Amino acid sequence: MEIILNAPVYTSAMMRGASLTRPVKLPDMELPSPETLLELPTPSSHPVLIARKLLLLATFLQGIPPAARGHLENLTVSRQELMTRVVSKAHQLVTCNDELVASIEGIECLMLEGLYESYSGSLRPSWLASRRAVTIGQMLGLHRGVRPTSLTNAAFKPDHVWFRLVQLDRYLSIMLGLPPISVDDTFAKPEILDTCTPEERMQRLNCAAAGRLLRLSPSDAVDPAKTKEIDKLLQDSSASLPPQWWLTPTLTSSHDQMDTIRDTLRFNGHFMHYHMLIHLHLPYLLPLENSRDYEYSRMTAISASREILSRIASFRTFRPTGYYCRGVDLLAFLACTTLGVAHICDHGRRRTDDGGFLFLSHQRLSDRGLLEHTLQSMSDMARVNDDAIGAMVATLLEHLLAIEEDAAAGSSYTVTSCVDSDAEGGEETGGGHFKLSADGSVLTIHLPHIWVVKIERGPGQSGRLPSRTSRPNNTNSIPEPTKSTTRDELISNQARDAKMFSNPILQNPSLAQLMPFVTRDHLAKAARRTEDASLDFLLPIQELNEGEGVVEDIDVSFFNSLIQEMPV
């Protein structure tokens with residue numbers, strides 16, 4: 001414990017221990033010290049209180065910056081093993097027992113477990129933990145304002161805790177394409193909103209909008225009346241805060257703790273809001289009859305995508321690698337798809353319009369610059385950290401940029417859409433996925449709770465989709481073996497590669513353009529899971545945490561503000 005306490009930790013790890021069931025009140029809020037947060041309970045303490053300390057310990061270890069991991073070299077077990085063991089033990093002995101978690105501290109344990117799983121890249125286990133937390137909360141009457149038992153006589157508001165549970169459930173449901181557990185929006189009643197701070201009012205209105213989005217049927221996705229209703233809710237949400245609050249925050253190392261918390265709270269609110277706008281308006285961006293009637297929705301989806309990508313660029317300037325809000329990268333998948341498809345469709349309109357203006361003409365180069373910047377960032381992550389999410393987003397961007405460039409040069413492409421009805425029972429994965437057909441002629445992009453988008457060559461044309469041959473700053477380069485690699489290790493690696501790539505699935509020529517961003521492990525997993533000789537870049541969420549640094553923390557806080565801050 002002395003070794004762990006001497007290691008620096010990101011503020012968010014402290015926030016999770018301080019504000020799960022209590023609202024953040026700036027500027028008066030004081031975070032607990034690491035010694036207080038991790039103070040050991042007595043052996044006679046209730047099992048929930050011991051489990052809570054174990055989960056806080058795992059959270060604390062997750063929040064240690066990569067550059068500071070040297071502080072843990074003298075531990076007798078690795079940081080990753082210690083985190084895995086304490087969470088596993090807390091789950092096996094406490095959080096899976098409904099009788100033990102029937103208290104506000106028990107609900108807090110389930111919330112901590114859900115956040116730990118999401119930081120580890122496991123959205124489905126996170127969803128299961130949050131779903132149990134909501135269910136236990138309903139059993140204890142939280143949704144009716146009943147105060148559950150507290151083992152420590154903690155001060156909390158039932159309405160606030162219930163709202164946080166609903167937020168977490170709705171965010172994960174949107175990311176995984178699953179239905180929400182509760183349709184209750186009483187937390188957003190006018191009389192309750194009147195007592196909230198501006199930030200809390202925005203969060204509650206956005207959460208109510210998320211609930212309505214989740215309740216839309218496929219046919220309702222392009223219902224102008226329902227779209228207008230939800231859009232009005234989001235407009236009211238944004239109006240809760242002054243104009244300058246919406247400027248992109250600038251995080252610097254010179255920030256004090258409260259400034260950092262304040263600016264990251266703004267990042268959270270921005271990502272949450274623009275995420276909802278894309279989900280609401282993206283269906284109108286796809287080819288539809290009378291598409292000119294939906295220019296407002298098209299421009300809103302495109303603008304929201306730009307806002308997300310520009311903020312990701314700003315955020316990465318401060319936090320280029322290591323633990324951070326990985327949900328941002330899943331949002332990048334959605335935003336990149338929206339912006340790329342918008343330009344591809346716009347080039348198609350050039351051939352059918354009767355001399356009209358293309359409404360994205362002047363934004364093309366700046367948008368490509370934004371996408372290329374995102375590509376460079378994601379491919380760096382894929383190359384340096386063996387990162388699965390970075391590899392997926394980078395590879396998708398390679399395709400979209402190449403297709404858009406070819407379309408701008410005059411080639412014809414057909415973009416079609418349909419309801420995502422994967423009837424084979426395939427597992428849903430967080431943030432969406434895409435698939436390149438076996439012959440490389442069709443790119444299919446699946447977005448949770450949004451339609452499937454298919455891009456292929458236009459009528460009368462055939463052949464593979466183009467691949468990009470020039471990438472910014474050599475982002476496709478594969479690092480050479482390190483100097484510490486021995487000759488025997490190099491020979492062993494070459495033999496392993498030769499055996500793996502002899503698989504006929506991986507000999508498909510359509511994989512050639514993907515190789516710079518796909519690691520050995522990703523291809524091996526694809527080979528094991530693919531039966532039709534096509535490469536399906538699903539995010540194997542249940543497999544992502546097999547090795548350190550694969551997906552280190554898909555943080556749900558940017559949507560639900562559950563922990564009130566992104567890691568900094």
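No lab work stands behind these numbers, since they all come straight from the coordinates. Keep in mind that what you see is a predicted model, and the values were worked out from it rather than measured. Please note: Cβ atoms are built from the backbone with ideal geometry, for glycine as well, and neighbour counts cover all protein chains shown.
Here are the numbers for the structure shown:
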| read-out | value |
| --- | --- |
| Two-site FRET efficiency, Thr76 against Ala408, from Cβ-Cβ distance with R₀ of 51 Å, rounded to 0.05 | 0.30 |
| Inter-label distance for Leu128 and Ala438, nm, one decimal - labels placed 7 Å from Cα along Cα-to-Cβ | 3.4 |
| Segment Ser462-Ser150, length gained on full extension (0.36 nm per residue, minus Cα span) | 105.7 nm |
| Distance (nanometres) between label positions extended 7 Å along Cα→Cβ at Arg349 and Asp98 | 5.3 |
| Extension gain from Trp245 to Thr84, taking 0.36 nm per residue of separation minus the Cα-Cα distance | 54.1 nm |
| Under 5 Å, built H, 5+ apart or other chain: amide partners of Thr414 | Glu456, Arg457, Gly458 |
| Pairs of alpha carbons in region 74-165 whose separation is greater than 24 Å (percent) | 25 |
| Karplus 3J(HN,Hα) series, Hz, for region 396-403 with 6.51 cos²θ - 1.76 cosθ + 1.60 (x for Gly, Pro) | 4, 5, 3, 5, 4, 5, 5, 5 |
| Difference of contour (0.36 nm per residue) and Cα-Cα distance, Met139 to Glu229 | 29.2 nm |
| Distance (nanometres) between label positions extended 7 Å along Cα→Cβ at Asn6 and Ala67 | 2.0 |
